[in-house]
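**Q** Below you will find the structure I want to go over with you.
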Amino acid sequence: MSCKIYMDHAATTEMLPEVREAMEPYLMEEYGNASTAYEMGQRAKDSIEKARRTIAEAIDANPEEIFFTSGGSESDNWVIKNVAGEKKHVGRHIITSKIEHHAILRSCQYLEELGYDLTYLDVDSYGIVDVESVLAALRKDTTLVSIMTGNNEIGTIEPVAEIGAALKNRGIAFHTDAVQAVGQIPLSMRHLPVDYLSASAHKFHGPKGVGFLFVRKDRDLPSFIHGGSQERGKRAGTENVAGIVGMATALSIATSEMYYVRPRLVRLRNYFVERLRHEIPDIRLNGHPYKRLPGNVNISIRGIDATSLLVLLEEDGICASAGSACNTGQTRVSHVIEAIGVPEDYAPGSVRFTMGRQTNRRQIDETVDSLKRCVKILRQQE
């Protein structure tokens, strides 16, 4: 069955009509290359710089602190590999957490193969990184700390401001993967003490394949892709003008509507959780109960296989995702679920539901009713 209730907005979001409309001229008649000197190319360049200003305004930054990328994974790789590489003469120790996105973790693993020393911090049962654990892990050769803003699986919001404040004036670069947070919660780069921040457009109703990296103006940014002089010589390649314009439009809408969309999603989330707790036995909420992204509900159900549950949900037209993945016929619990210590009889039944601006109470009710039916079926098969 096609997806009639979409509950996987953390995976991607639908592109808004206003975003598509803003992009269309740059896919057709305004197809100029921004690096050319003639008028059509200069119009494209002007559109890119206007988008840069729009994005900077949305996150309370300076336009020159915004660099366009292909998305969150590229932005994460850029910081982890190149900023660390630039500092290798100072030290080769990097700190991150055990619940980061794979774009961070696999970049760190790559650096380990090159001789870097990595510290992967534990989190508590809610998935929160303790500020003191960051400070305790610091060494004389520590050059970079990377802690995400909001977890993509369990939705927990990390104490990034507190970590950044603790690291201030220590000469250590601080990066945050904010892919799940940008457009979802208020972020001000003038007040958030981070040096680098990653974002991706398709998480806030923009197009896929485009994102940005915030780089505080007093921080170095080694080039990631070499070639032309695009992005002030830091990231070569002909710019995705349509994608950049669409991303700026989407983020402008997201930030302007956040004051009422966010509280509505929190109310829906809380209603969803309360119904689940009261109507499905042996269920647990993963992540912090209220320090979490507004539309995220990650649950573990005792004695249930998440993959089987998702198949049954899809038959009811409900699209969600698992906190575990099936690999070569065996259920493998995700690294996040392992890190927060979900019990063995619950962990394989971890499922994530993430809501968006179009989600409504009727859809929540239908999802709960479907979940109850599916869980009953699977438990009868035990």
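The values are calculated or read from the model by the stated rules, or taken from the named source; none is laboratory data. Treat the numbers as computed from the prediction; the structure is a model and nothing was measured. Note that each Cβ is placed from the backbone with ideal geometry, even for glycine, and that neighbours are counted across all protein chains shown. In case anyone asks, the SASA skips ligands and DNA or RNA and just uses the protein heavy atoms, side chains included. Shrake-Rupley method; radii C 1.70, N 1.55, O 1.52, S 1.80 Å.
**Q** Taking the stated definitions as given, is THR69 within 22 Å of ASP177 (Cβ to Cβ) and among the β-branched types (Val, Ile, Thr)? Steps first, please.
**A** Working: within 22 Å of ASP177 (Cβ to Cβ): yes; among the β-branched types (Val, Ile, Thr): yes.
It is true that THR69 is within 22 Å of ASP177 (Cβ to Cβ) and among the β-branched types (Val, Ile, Thr).
**Q** Within the bounds of the stretch 247-257, is there any residue that is under 19 Å from the mean Cα position of the chain (by Cα), hydroxyl-bearing (Ser, Thr, Tyr) and surrounded by fewer than 16 Cβ atoms within 10 Å (Cβ to Cβ)?
**A** No, that holds for no residue.
**Q** If you don't mind, there's one more thing I want to ask. So how many residues does the stretch 20-36 have that are outside any helix (DSSP H, G or I) and either within 18 Å of HIS205 (Cα to Cα) or of a type outside the set (Val, Ile, Thr) (or both)?
**A** Of the residues in the stretch 20-36, 8 are outside any helix (DSSP H, G or I) and either within 18 Å of HIS205 (Cα to Cα) or of a type outside the set (Val, Ile, Thr) (or both).
**Q** Restricting attention to the stretch 258-274, and to residues there that are of a type in the set (Lys, Arg) and open to solvent by 40 Å² or more (accessible area, probe 1.4 Å), which single residue is farthest from ILE59 (Cα to Cα)?
**A** Going residue by residue through the stretch 258-274, those that are of a type in the set (Lys, Arg) are 262, 264, 267, 269.
Pick out the ones that are also open to solvent by 40 Å² or more (accessible area, probe 1.4 Å) and you get 262, 264, 267.
Values: ARG262: 16, ARG264: 21, ARG267: 25 Å.
Only one residue fits best here, namely ARG267.
**Q** Identify all residues within the stretch 275-322 that are touching a residue at least 60 places away in the same chain (Cβ under 8 Å), within 24 Å of PRO159 (Cβ to Cβ) and buried (at least 16 other Cβ atoms within 10 Å of the Cβ); write none if there are none.
**A** Those that are touching a residue at least 60 places away in the same chain (Cβ under 8 Å), within 24 Å of PRO159 (Cβ to Cβ) and buried (at least 16 other Cβ atoms within 10 Å of the Cβ): ARG284, ASN286, GLY287, HIS288, ARG292, LEU293, PRO294, GLY295, ASN296, VAL297, ASN298.
**Q** Need pairs with beta-carbon distance below 8 Å; first residue under 13 Å from ASP8 (Cβ atoms) and within the stretch 354-366, second of a type in the set (Lys, Arg) and surrounded by 13 or more Cβ atoms within 10 Å (Cβ to Cβ); sequence gap 6+ or separate chains.
**A** Correct list of pairs: MET355/ARG269.
**Q** Here's a follow-up. Can you tell me which residue is nearest to SER256 (Cα to Cα) among those in the stretch 348-369 that are in a helix (DSSP H, G or I) and open to solvent by less than 10 Å² (accessible area, probe 1.4 Å)? Spell out how you get there, then give the answer.
**A** Keep residues of the stretch 348-369 that are in a helix (DSSP H, G or I), which gives 348-349, 361-369.
Pick out the ones that are also open to solvent by less than 10 Å² (accessible area, probe 1.4 Å) and you get 349, 364, 367-368.
On the way: GLY349: 37, ILE364: 25, THR367: 29, VAL368: 31 Å.
By that ranking, first place goes to ILE364.
**Q** Go through the stretch 4-46 and count every residue that is touching a residue at least 24 places away in the same chain (Cβ under 8 Å), out of contact with any Lys or Arg (no Cβ under 8 Å at 6 or more places or on another chain), open to solvent by less than 20 Å² (accessible area, probe 1.4 Å) and small (Gly, Ala, Ser).
**A** So the count comes out to 1.
**Q** Next up: Looking only at the stretch 75-100, which residues are part of a helix (DSSP H, G or I), surrounded by fewer than 21 Cβ atoms within 10 Å (Cβ to Cβ) and in contact with a Phe, Trp or Tyr (Cβ under 8 Å, 6 or more places away or on another chain)?
**A** Here is the first cut: in the stretch 75-100, the residues part of a helix (DSSP H, G or I) are 75-86.
Add one more test, that the residue is surrounded by fewer than 21 Cβ atoms within 10 Å (Cβ to Cβ), and what stays is 77, 81-82, 85-86.
Scanning the stretch 75-100 gives ASN77, LYS81, ASN82.
**Q** Go through (1) surrounded by 19 or more Cβ atoms within 10 Å (Cβ to Cβ); (2) assigned to a helix (DSSP H, G or I) one by one and return the number of the condition ARG53 breaks.
**A** Every listed condition holds for ARG53 apart from (1).
**Q** Considering the stretch 107-117 alone, what residues qualify as being more than 25 Å from HIS288 (Cβ to Cβ) and surrounded by 15 or more Cβ atoms within 10 Å (Cβ to Cβ)? Working first, answer last.
**A** Filtering the stretch 107-117 for residues more than 25 Å from HIS288 (Cβ to Cβ) gives 107, 109-117.
SER107, LEU111, TYR116, listed by residue number.
**Q** Further, regarding this structure: With the structure loaded, tell me whether VAL123 is surrounded by fewer than 20 Cβ atoms within 10 Å (Cβ to Cβ), touching a helix residue (DSSP H, G or I) at 6+ places or on another chain (Cβ under 7 Å) and in contact (Cβ under 8 Å) with a residue 12 or more places away in the chain or whether it fails that test. Give the derivation first.
**A** Details: surrounded by fewer than 20 Cβ atoms within 10 Å (Cβ to Cβ): no; touching a helix residue (DSSP H, G or I) at 6+ places or on another chain (Cβ under 7 Å): yes; in contact (Cβ under 8 Å) with a residue 12 or more places away in the chain: yes.
So VAL123 does not fit the description; no.
**Q** When the stretch 198-218 is examined, which residues are found to be over 20 Å from THR12 (Cβ atoms) and buried (at least 23 other Cβ atoms within 10 Å of the Cβ)? It would help to see each step written out before you state the result.
**A** Initial filter on the stretch 198-218 (over 20 Å from THR12 (Cβ atoms)): 214-218.
The answer is PHE214, VAL215.
**Q** Run GLU64 past the list (1) modelled with pLDDT of 95 or more; (2) assigned to a loop (DSSP other than H, G, I, E, B); (3) open to solvent by 60 Å² or more (accessible area, probe 1.4 Å) and report the number of the one that doesn't hold.
**A** (2)
**Q** Would you mind finding the one in ARG190, ARG232 that is surrounded by fewer than 16 Cβ atoms within 10 Å (Cβ to Cβ), among the basic types (Lys, Arg), under 19 Å from ALA34 (Cα atoms) and over 14 Å from the mean Cα position of the chain (by Cα)?
**A** Numbers: ARG190 fails: under 19 Å from ALA34 (Cα atoms).
Selected residue: ARG232, the only one of ARG190, ARG232 that is surrounded by fewer than 16 Cβ atoms within 10 Å (Cβ to Cβ), among the basic types (Lys, Arg), under 19 Å from ALA34 (Cα atoms) and over 14 Å from the mean Cα position of the chain (by Cα).
**Q** Looking only at the stretch 126-140, count how many residues are of a type outside the set (A, V, I, L, M, F, W, C), in contact with a strand residue (DSSP E or B) (Cβ under 7 Å, 6 or more places away or on another chain) and either under 19 Å from PRO193 (Cα atoms) or surrounded by 13 or more Cβ atoms within 10 Å (Cβ to Cβ) (or both). I'd like the intermediate steps shown before the answer.
**A** Let us first name the residues in the stretch 126-140 that are of a type outside the set (A, V, I, L, M, F, W, C), namely 126-127, 130, 132-133, 139-140.
Imposing the further condition that a residue be in contact with a strand residue (DSSP E or B) (Cβ under 7 Å, 6 or more places away or on another chain) reduces the set to 126-127, 133, 139.
Restricting the remaining residues to those that are either under 19 Å from PRO193 (Cα atoms) or surrounded by 13 or more Cβ atoms within 10 Å (Cβ to Cβ) (or both) gives 126-127, 133.
So the count comes out to 3.
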